[in-house]
Structures are given as structure tokens and as C-alpha cells.
1. For the stretch 485-495, name all the residues that are within 22 Å of Ala624 (Cα to Cα) and open to solvent by 80 Å² or more (accessible area, probe 1.4 Å).
2. Identify, from the list Leu633, Leu637, Leu644, the residue that is modelled with pLDDT of 80 or more, of a type in the set (A, V, I, L, M, F, W, C) and out of contact with any helix residue (DSSP H, G or I) (no Cβ under 8 Å at 6 or more places or on another chain).
3. Kindly provide the set of residues from the stretch 375-395 that are open to solvent by less than 50 Å² (accessible area, probe 1.4 Å) and either farther than 16 Å from Phe219 by Cβ or touching a Ser or Thr at 6+ places or on another chain (Cβ under 7 Å) (or both), ordered by number.
4. Pick from the stretch 93-106 the residues that are out of contact with any Lys or Arg (no Cβ under 6 Å at 6 or more places or on another chain) and without any contact (Cβ under 8 Å) to a residue 40 or more places away in the chain: which of them is nearest to Val68 (Cα to Cα)?
5. Mind checking whether some residue in the stretch 303-320 is modelled with pLDDT under 80, farther than 21 Å from Arg259 by Cβ and buried (at least 22 other Cβ atoms within 10 Å of the Cβ)?
6. Determine which single condition Gly402 fails, assuming it passes every other condition in (1) open to solvent by 40 Å² or more (accessible area, probe 1.4 Å); (2) at pLDDT 80 or above.
7. Give just the number: which of (1) β-branched (Val, Ile, Thr); (2) open to solvent by 20 Å² or more (accessible area, probe 1.4 Å); (3) touching a Leu at 6+ places or on another chain (Cβ under 8 Å) does Val237 not satisfy?
Amino acid sequence: MNRLPRVPADPGRVLLLFRHEARSFLRDRRTIFFAVVLPLILFPLVFWFTQLNERRQRERAERQVCRVAVAGPMAELARNLLALAAETEAGGGVELVEAADPEEALRGERIDAYVEALRPGGPLEGGAGKDAAAGRPAPEGKSVQPGRALFRIHFVGNRQRSNLGARRVERALEAGRDRWRERLLRDRGVDLDLGELFPLEARDVAGEGRAAGSLLGRFLTAIFVFLVLSGGAAVAVDSLAGEKERGTLETLLTTAATRREIVGAKLLLILAAALTVTLINLGNLLVYVSFGLLSLPEGLVEALPPGRVFLLVVLFVPTAALLSALLLLVSGLARTYKEAQLYLMPLQLIAVAPPLVAVLPEIRLRSAIVIVPLANVGVAVKEIMTGRVDWPMLAVTAAVMGASAFVAARLAARALSNERLISPTATDEADIGGGPALFARRVPSFVAVLWGIFLLVSLNVSPDTDVRLQLLLNVVLLFGGASLAAIAHYRLPWREILGPSRPGLSVWIAAIAGAPAGVVVIGSLFRLASRVLPVPEAMLRAFQEALLPEGVPRWQLIPMLAVLPAIFEELLFRGVLLWGLRRRLSPVAACLASGIVFGVFHTSLWRIFPTAVLGTLLAWVTVATGSLFPAVLWHALHNASGILAAELGVDPAELGPAAIGAAVLVLAGSLWVISAPGRAQMMSRTPPRSERR
């Protein structure tokens, strides 16, 4: 492998190469079409069709009549209130239907929602459906006096009609209740409209500009990232991967220009193309708005004064530089045009995800998020658009993005230092024979493609889907299937992946003791990290609910949430993935990389750190013992301990300093026992550096 020369790049030569690349780009009609013309047509059309579809769905929903059934011992009262509501505007769009079994009718989509009218406290009389005889009391948090009714609205959250029906029947019941109260007062000689007694008036002190800025600021960075990647992708793919395929890159490398200068010129070209296409698309959107084909939020002009626009430009320029460097890096690592295109979709999914953290209301820039590239820009833009300007944190954000762009450009330059990547005809033993050596080289692309598939599956699975089905899709089919496919396609040594050694009794005892101690230590680290990056209470409750999901019998929790993930996640992350990483990295680096990938696959920003720590520990256990099975046991016990703690209502991170200190000692002792016997063998199994390509 040739190393980069240490001489500084000549700016004049870089500009000369840039002009040459720009002229070549402008002469290539195919690249012009995909980089400029196609986004110019498609992007506004996507916005227009999205708005048109939303408007039509809203109009259709307003015209639809929602079918609602009423059941329960106080059903007659509910019907009377709905009849009173029909006299008002709020009671429109609700049709009462009869259903002998409302629960079954709701599941069969014969009705959109049903009202269960209950007598609070005590067993139900009559009831609604099959659960009527169970005698459910009033839900917690509902304070209902004796003799009054409680209306429980049942609907299916992942059905639009059912959601609409639930909202309409709730408004109708409230309107009917007010009409009934007015009639009672009128019967007693008080002719009074309750709305006139206490008139309500809302005033938004933030103003239209700040409201529109808050809405736009949450998504502006993600939109910008998408535009830059769309505009620069075609240029980047053609710039390196395309030239390799055409054989022109080798000719360029024989000139007096250094590889740093070549990379600098190509990076400038991608950056210029990306920013140009972004500006063209924004101008095109304004044209669509001026002709009335698109509508922008009210107050958007007030949300973008010149000073605020300047701050956005200061943040978006290094962001565009980072994205351009990543595009160039992908093109440099790919050896053909098609291979580069294959890498683009995972890159787009990964790059667009971090800025969307700005959607979360609790995230502030003055936290650990400021050092996370792209995510920090998303949060900073949201704060700028809402009028909060934290100058020191904005400076740190710009510095982080600039440093990230510099590192990505350096990595792209190194890609040109590998002679094997310069020409598609440069082959070696792995290219010819394939097999395990080729998989070790393709580990990054394997992870990227798997991450893209995992993200697509997760986005298309409804949150209301049964957790057992989600586990079947993600853990068993995706993780297990990807592991078996990699082993079969690349002829990986499955015995070596599972582990040739047989751990002794002390290793198993250490794993059994270390797993619950790890739960306490990792939970404490998570609490400590949350002081820097605060975790919303809703997210903590979601973590708790994930350990004890509703609708899953208790006897299924351990097999479904502890054993299955332990088997299939360990096979993928500490088996196939770690085996490939160890052919390229040192043991410590391979364990860290495996842990980070494991954390990223848990998608939630707050879960990345604790799961990455757990993944690193499990990777070290696998490497130290030479076997996958102790890590499987540790993982299963870790999950089971978390489930048990949630069942008992115990937070492992709040056990007190003495308990946490004891857990640290137990964890350290367990790792020492596991590592000590096989430390020499562990280091000797590391491939020599000459094989880590």
C-alpha cells in the first residue's frame, strides 16, 4: 500500500483539476440528467403529491361517517348524549349502529369504534362483548363519583377510520354532556349558554414566525441532508467509481498532481454540485409556491430573517462538506459504478436519521448531542428557528462538523492510496477465490446493507404490532437469516465462528455472576450519561414497557425477550461480524467496533450507549474465551435480569452506592476470570497485520 506524500497540496493545481472535472461533468449528459434535471422534476412533484394526498385524505375523512356502537350497563345514557350531540356541529359524522359483540365487530371492521358505558366500581352488568363478565373497575386516574357513568372508547390505533371515529365520538359525547347540562339548568329556570358564561380565547404569544420556525426547524436539516445527498450522489459515483470502471483514473494518477490534490478537486466538485442542485431545488420550490401549486406554512417568511439565514448557512456549509466527503469516500471504496450505487441507499438512510433527533422536544444543544455530527446540526437549527441562539454551542457544532468533514476527506484520500481500489482490474487472491477472505473485506458493506434493510423493516412495522411478531421479523428472520446467508455464501468456518475452544467451569460461573452485575453497572452508566444527554421520561417509560409488553404472557417473556435475542444477536454480532472484524482490526478495536454496531442497531439515540457497552463486553467475552456460548449465556441472563427487575419494580441504577460498588467489583472479577486463562491464546489468534486488508 502506497502512503500519501507529506508535501502540502498546491491550491492552484487543485483549482486547475477542479475546472477540468467541472468541464467533464458538464459534458456528461447522463450525469447532468441524474444530478440536476431529475431532482429538479421529482423533488417538487413529491412535495406536491404529498400535499395533494394529505388534503384529499383530510377531505375524505371529513366526509366519512364513522360507525359507532354503544354497549354496557349505561348504554342508554350514552345513546341519549349522542342524540343530543347530533343537534350540534360537534356531533356530526357519527352513526350509531347495533352490534351484539362490539369487540368482534371492531376487529372485523364492521364498526370503527365503540363506547363502553360503565358504572364505576364493582362488576359490570350486561357488558360489551366477551369481556363483560370480567367486571373491570374504572381505569386509574379517572375520578368518578358513585351513581355517575364512565365512558370508555375502544378503537384500533393503526386504522385511520377507527382513529377518526374515536376522536369524533369523544367530541360528540362532550358536546352531548354540555347540552344535557344546559337542559338541566333550563328546566330549573336558568336559561344560560355555558359557552357564554365562561368564554375562552387563546392567544399565541410566540407569534406566527416562531411557530412556523419551530415546525420547520425540526425537519429542515433532514431535508437539507436529503437534498445534498441527492444532488451530489450522481457526481460522486461518476467521479471515482465511474472513472475506475472507464480506466481514466489511472491516467489521472500518472500526472504531476498528488492524490491529495486529486481528492481535493473532486471534493470541491461534489460540494459545488450538491450546493448548486440544492439551491436550484429551493428556487424551483419557490416557483411552485408562486404559481400556487405548493403552499408553505403561515409565518414562514417571518421565521427566516437575514440574521437567522446567515446562521443556517454557517452550519449548512460544513454539513454539505461532510456529506460530500462521505459521498466521495463511498465512491472511492467502490470499484465499480454499480457497487457505488449499492452503497448510496444505506448512506442516505444513515445520514438522514441523526438530524431527525430534532423532532424530540427534550433535546437541547447544550448537551452531549453537540459532539454528534449531523444530529448536532439538527438540534442547533431547531433552536435557531425558535429564537434560541446559544453562541458557544453553535461554535462547537461548527467546529465538530468541520473536523468531521476533514476526517472524511482524509479517509477518501486514503482510499486512493490503496492500489487495489484504483483499478477494477487489480485483483488479488480474495477477489479470485472469494470465500472468507472476501467477507472480511466486505464487512463494512455487509453492515451497511443490513442496517438499511433493518431500518426499512422497522419503519414499515406498526408500533401496535405484537412484540412477538416484531422479534420474529427482526431477530429471527433478519439477524438469523443474514448470519446463515453470510456463512453459506462466503463459506465461513462456522465451527471457528461458534468457537473451537471449550470454556472451563470457572468461565461459566463468571458469566452467571457477571451478567446481573453488568445490568447494575450499565444501568448506572446510563443514568450518569443521562445527566449530559437528558432522557425524556416518556422514553424511560417506553424502556420499561418494552421489558414487560402488554399482551405477552409472563411465561413467554424469558424465551421471547431473553433467549431468542441472545441466540440470534450473538450469532450475528459476536459471531459473523466479530469474526470478520478480527481479520482487519486488533482484538480491542474489533470488540469496540462490534459493540458500537450493536448499539446503532438498537436505533434509539438513548439506547446506543448502554447497548454499545453491553455489546463490547460480550465481544470481549467471546474473544477471551474463544467461544460464542458464554456470550450467549451472559446475554440471556442480562435480559432476564432486566425483565425480573422490571417485574419487581426495581431500578438497578438506584440501588445505592454500596450495591453499585459491589456490582462493579463482581463485574471486574468476572471479566478477569474469563480473560485470564485465554489471554495468550486470544492475542495469538489475531491475524497478522499483513492479512488485515
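The values are calculated or read from the model by the stated rules, or taken from the named source; none is laboratory data. Because the structure is predicted, anything quoted here is derived from the model rather than measured. Note that each Cβ is placed from the backbone with ideal geometry, even for glycine, and that neighbours are counted across all protein chains shown. Calculation scope for accessible area: heavy atoms of the full protein, side chains included, ligands and nucleic acids excluded. Shrake-Rupley method; radii C 1.70, N 1.55, O 1.52, S 1.80 Å.
1. Start the filter on the stretch 485-495 by keeping residues that are within 22 Å of Ala624 (Cα to Cα), which leaves 492-495.
Result: Trp494, Arg495.
2. Values: Leu633 fails: out of contact with any helix residue (DSSP H, G or I) (no Cβ under 8 Å at 6 or more places or on another chain); Leu637 fails: out of contact with any helix residue (DSSP H, G or I) (no Cβ under 8 Å at 6 or more places or on another chain).
One residue alone meets the criteria, Leu644.
3. First pass over the stretch 375-395, keeping only residues open to solvent by less than 50 Å² (accessible area, probe 1.4 Å): 375-387, 390, 393-394.
Of everything in the stretch 375-395, those that are open to solvent by less than 50 Å² (accessible area, probe 1.4 Å) and either farther than 16 Å from Phe219 by Cβ or touching a Ser or Thr at 6+ places or on another chain (Cβ under 7 Å) (or both) turn out to be Asn376, Val377, Gly378, Ala380, Val381, Met385, Thr386, Gly387, Asp390, Met393, Leu394.
4. Looking at the filtered set, the residue picked out is Leu96.
5. Checking the stretch 303-320: at least one residue is modelled with pLDDT under 80, farther than 21 Å from Arg259 by Cβ and buried (at least 22 other Cβ atoms within 10 Å of the Cβ).
6. (1)
7. Val237 satisfies every listed condition except (2).
Rundown of residues vs (1) open to solvent by 30 Å² or more (accessible area, probe 1.4 Å); (2) farther than 17 Å from Val563 by Cα; (3) of a type outside the set (Val, Ile, Thr), yes/no style:
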| site | (1), (2), (3) |
| --- | --- |
| Ile596 | yes, yes, no |
| His602 | yes, yes, yes |
| Pro610 | no, yes, yes |
| Val613 | yes, yes, no |
| Leu633 | yes, no, yes |
| Ala636 | no, no, yes |
| Gly649 | yes, yes, yes |
| Leu655 | yes, yes, yes |
| Val666 | yes, yes, no |
